[in-house]
């Protein structure tokens, strides 16, 4: 059997593995579909993540050097992948909530089989009959989209701009519109991404390389501007152009796992419009709305919206490649030419 790993920065390859015996609390899943994470994972894959040499210290709430001998990201062992969907083929003696033959979704790497804990694990999700696997593998990005929308305090009647129409941005468009936003505007240089956003609720979309986005936002909103800008791209130029459209007192919900940014000047419209910046991350606890909200509530809510069809992610999974193609496809679509994809899907099902 094979699994996908990063053998060195920016190089993906298959390595062989053998499954160990499952523990009483575990199940083994034969993977039918999988998907990588296009944000934080690709930063690690490129070898430019702070986690290479440092670790985030929860006590100090800052990055600090790793202790001697403490492993960080080790290329050759660094497995790639984020979400998997498949059928349970083995179940341990302590497992009561799942049975062999159940179709499930969970966090997992791109490999032929995945072994996970199946006792008190809310992240091992049963798939309802007829549910789309494309929606299921968007379980992770949906959480960060929801967090971004909530941290932007989107309310009925608001004017909302979403910068970057990858998986998180596409889901943020849907969530903002369904939350009652009056005008939702998508910003992305890629036409196919703008078209998908328009099909799923965006009122307008603009190419930041082809027009003055800030002017267009002010024009659509009768010069008021955006109550909130949800930044998912990590692109300084796109955010800078959108900032011209921020309303006085508006909120920038910064969702992207940013790289060092050049060309970003907060001494222009953002300063004069008294903009507020919130760095949004669904996984950080306590949640800004704790104790009412936490990561689990976000996850539970997202799963419900994905499985009941309130969110539609079928168009977001693009391209879909075979498992055999996934090493080359990962390098092409996730790293080298991300403009050719939104969220790559991998099909293992024979």
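On the given criteria, is residue 55 modelled with pLDDT under 95 and over 27 Å from residue 16 (Cα atoms)?
Values: modelled with pLDDT under 95: yes; over 27 Å from residue 16 (Cα atoms): yes.
Yes; evaluated as a whole, the condition is true for this residue.
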key: From 261, 340, residue being in contact with a strand residue (DSSP E or B) (Cβ under 8 Å, 6 or more places away or on another chain), surrounded by fewer than 18 Cβ atoms within 10 Å (Cβ to Cβ) and under 30 Å from residue 11 (Cα atoms)   = 340
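Tell me, which residue of the stretch 222-251 that is within 18 Å of the chain's Cα centre (by Cα) and outside any loop (DSSP other than H, G, I, E, B) is surrounded by the most Cβ atoms within 10 Å (Cβ to Cβ)? Working first, answer last.
If we filter the stretch 222-251 for residues that are within 18 Å of the chain's Cα centre (by Cα), which is where we start, we get 229-235.
From the residues that got through so far, the ones that are outside any loop (DSSP other than H, G, I, E, B) too are 229-231.
Details: 229: 29, 230: 33, 231: 28.
Top of the filtered list is 230.
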request  = Please indicate, with yes or no, whether at least one residue in the stretch 127-143 is in contact with a helix residue (DSSP H, G or I) (Cβ under 6 Å, 6 or more places away or on another chain), under 19 Å from residue 229 (Cβ atoms) and either assigned to a strand (DSSP E or B) or at pLDDT 95 or above (or both).
outcome  = yes
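Here's the yes/no breakdown for (1) surrounded by fewer than 18 Cβ atoms within 10 Å (Cβ to Cβ); (2) touching a helix residue (DSSP H, G or I) at 6+ places or on another chain (Cβ under 7 Å); (3) without any contact (Cβ under 8 Å) to a residue 24 or more places away in the chain; (4) not assigned by TED's automatic domain parsing to the domain that holds residue 321:
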| position | (1), (2), (3), (4) |
| --- | --- |
| 19 | yes, no, no, no |
| 23 | yes, no, no, no |
| 47 | yes, no, no, no |
| 57 | yes, no, yes, no |
| 63 | yes, yes, yes, no |
| 95 | no, no, no, no |
| 100 | yes, no, yes, no |
| 104 | no, no, no, no |
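Filter the stretch 211-221 for residues that are assigned to a loop (DSSP other than H, G, I, E, B) and at pLDDT below 95; which is surrounded by the most Cβ atoms within 10 Å (Cβ to Cβ)?
So the first thing to find is which residues in the stretch 211-221 are assigned to a loop (DSSP other than H, G, I, E, B), and the list is 211-212, 221.
Within this subset, residues satisfying the condition of being at pLDDT below 95 are 211-212.
On the way: 211: 11, 212: 14.
Once the filter is applied, the top-ranked residue is 212.
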task = Being under 24 Å from the mean Cα position of the chain (by Cα) and either in a strand (DSSP E or B) or within 11 Å of residue 136 (Cα to Cα) (or both) is the filter here, so list the residues in the stretch 74-91 that pass it.
result = 78, 79, 83, 84, 85, 86, 87
query = Here is a list of conditions, (1) under 28 Å from residue 195 (Cβ atoms); (2) more than 15 Å from the chain's Cα centre (by Cα); (3) not in a loop (DSSP other than H, G, I, E, B), and residue 297 meets all of them except one; can you say which number that is?
reply = (1)
key: Those residues of the stretch 23-57 which are closer than 19 Å to residue 90 by Cα and not in a strand (DSSP E or B), in sequence order   = 23, 24, 25
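Yes or no, residue by residue, for (1) crowded, with 21+ Cβ neighbours inside 10 Å; (2) closer than 14 Å to residue 254 by Cα:
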{"residue": "160", "(1), (2)": "yes, yes"}
{"residue": "167", "(1), (2)": "yes, no"}
{"residue": "171", "(1), (2)": "yes, no"}
{"residue": "176", "(1), (2)": "yes, no"}
{"residue": "182", "(1), (2)": "no, no"}
request  = Kindly indicate whether residue 298 is at pLDDT 95 or above, surrounded by 14 or more Cβ atoms within 10 Å (Cβ to Cβ) and touching a strand residue (DSSP E or B) at 6+ places or on another chain (Cβ under 6 Å).
outcome  = no
remark   = Matching residues in the stretch 158-200 (closer than 23 Å to residue 244 by Cα and either assigned to a loop (DSSP other than H, G, I, E, B) or in contact with a strand residue (DSSP E or B) (Cβ under 7 Å, 6 or more places away or on another chain) (or both)) number 27
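The values are calculated or read from the model by the stated rules, or taken from the named source; none is laboratory data. All figures in this text were calculated on a predicted structure; none of them were measured in a lab. No Cβ is skipped: glycine too gets one built from the backbone with ideal geometry, and neighbour counts run over all protein chains shown.
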